[in-house]
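K.L.:
Pasting a structure here, questions to come.
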Amino acid sequence: MIEGFVSLALLWLIAAMTPGPNFFAVIHTAVEKGRSAAVAAVLGTVAGTVAWALAGFFGLQALFTVFPSAATAIKLIGGAYLIWVGIGLWRSAHKPGAGVQPVEGGVGRAFLFGLSTNLANPKTAAFAASIFAVALPADASVGLSLLAVVLVCAISLVWYTIVAVVGSTAPFQRTYARVRRVLMRATGVIFAGYGTRLMLQQ
């Protein structure tokens, strides 16, 4: 049982540390809006992780198998949202310190930005369902499974908090300021690329 939790923790940590929409949402918020907004984005990201982890636990992937049209609709909506964010990042690159529309308005908007960015990627539910199936025994109790959900959410919280803190430090922001336009546009391309790939996946 302990080995299963260790495997689960390692798999989720690797997935969290691999740069993706969640990472770029947090780091962008940190450098553009500061630490408070970045922490709010982290909490939003973790809330999305809770939702997808529970969805994986309750078998959302099985639902997608029975109703593939639902999976297709969620992919199209999520992909379109990521593309929209990417376009906003690209267009705002020439505005010094202006940020991007989804994170304007303080910590509330930052929370929603982190949450919506995470929820826009339904592949997280499939990943959660897969690693739960691999790491936990088939006869695992509800309590044990929910403990696994808590574990992956705690890992996400710790990792993205580190990203938020580092991204909001003065040395990092000074470095970022020198290459802001290039990084904003690169991040925009990354978001749009993830969205496009999500929409095109079968």
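K.L.:
Checking Ala80 against (1) surrounded by 16 or more Cβ atoms within 10 Å (Cβ to Cβ); (2) modelled with pLDDT of 80 or more; (3) among the small types (Gly, Ala, Ser); (4) more than 15 Å from the chain's Cα centre (by Cα): exactly one of these is not met. Which one?
P.N.:
Checking Ala80 against (1) surrounded by 16 or more Cβ atoms within 10 Å (Cβ to Cβ); (2) modelled with pLDDT of 80 or more; (3) among the small types (Gly, Ala, Ser); (4) more than 15 Å from the chain's Cα centre (by Cα), the one that fails is (1).
K.L.:
Out of the residues in the range 54-77 meeting the condition of being aromatic (Phe, Trp, Tyr) and part of a helix (DSSP H, G or I), tell me which one is modelled with the highest pLDDT.
P.N.:
Phe57
Residue by residue, here is whether (1) closer than 18 Å to Val165 by Cα; (2) in contact (Cβ under 8 Å) with a residue 24 or more places away in the chain; (3) among the aromatic types (Phe, Trp, Tyr) holds:
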{"site": "Glu3", "(1), (2), (3)": "no, no, no"}
{"site": "Ala9", "(1), (2), (3)": "no, yes, no"}
{"site": "Thr18", "(1), (2), (3)": "yes, no, no"}
{"site": "Asn22", "(1), (2), (3)": "yes, yes, no"}
{"site": "Lys33", "(1), (2), (3)": "yes, yes, no"}
{"site": "Leu43", "(1), (2), (3)": "yes, yes, no"}
{"site": "Val46", "(1), (2), (3)": "yes, yes, no"}
{"site": "Trp52", "(1), (2), (3)": "no, yes, yes"}
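K.L.:
Right, next: Which residues, taken from the range 186-202, are within 14 Å of Pro21 (Cα to Cα) and either in contact (Cβ under 8 Å) with a residue 40 or more places away in the chain or of a type in the set (Lys, Arg) (or both)?
P.N.:
Residues satisfying the conditions are Thr187, Gly188, Val189, Ile190, Phe191, Ala192, Gly193, Tyr194, Gly195, Thr196, Arg197, Leu198.
K.L.:
Any chance you could count how many residues in the range 1-42 are among the small types (Gly, Ala, Ser), in a helix (DSSP H, G or I) and touching a Ser or Thr at 6+ places or on another chain (Cβ under 6 Å)? It would help to see each step written out before you state the result.
P.N.:
Going residue by residue through the range 1-42, those that are among the small types (Gly, Ala, Ser) are 4, 7, 9, 15-16, 20, 25, 30, 34, 36-38, 40-41.
Okay, now just the ones that are also in a helix (DSSP H, G or I), so 4, 7, 9, 15-16, 25, 30, 36-38, 40-41.
From what's left, touching a Ser or Thr at 6+ places or on another chain (Cβ under 6 Å): 16, 25, 30, 37-38, 41.
Residues meeting the conditions: 6.
K.L.:
If I ask for residues that are part of a helix (DSSP H, G or I), among the small types (Gly, Ala, Ser) and surrounded by 15 or more Cβ atoms within 10 Å (Cβ to Cβ), which ones from the range 155-185 would you list?
P.N.:
Answer for the range 155-185, where residues must be part of a helix (DSSP H, G or I), among the small types (Gly, Ala, Ser) and surrounded by 15 or more Cβ atoms within 10 Å (Cβ to Cβ): Ser156, Ala164, Gly167.
K.L.:
Ok, one more. Restricting attention to the range 91-127, which residues are assigned to a loop (DSSP other than H, G, I, E, B) and either out of contact with any helix residue (DSSP H, G or I) (no Cβ under 8 Å at 6 or more places or on another chain) or modelled with pLDDT under 65 (or both)?
P.N.:
Looking only at the range 91-127, we keep the residues that are assigned to a loop (DSSP other than H, G, I, E, B), and these are 92-100, 104-106, 120-122.
Selection gives Lys95, Pro96, Gly97, Ala98, Gly99, Val100, Glu104, Gly105.
The values are calculated or read from the model by the stated rules, or taken from the named source; none is laboratory data. Note that the coordinates shown come from a computational prediction; the quantities given were computed from them, not determined experimentally. Note: ideal-geometry Cβ built from the backbone for every residue, glycine included; neighbour counts use all protein chains shown.
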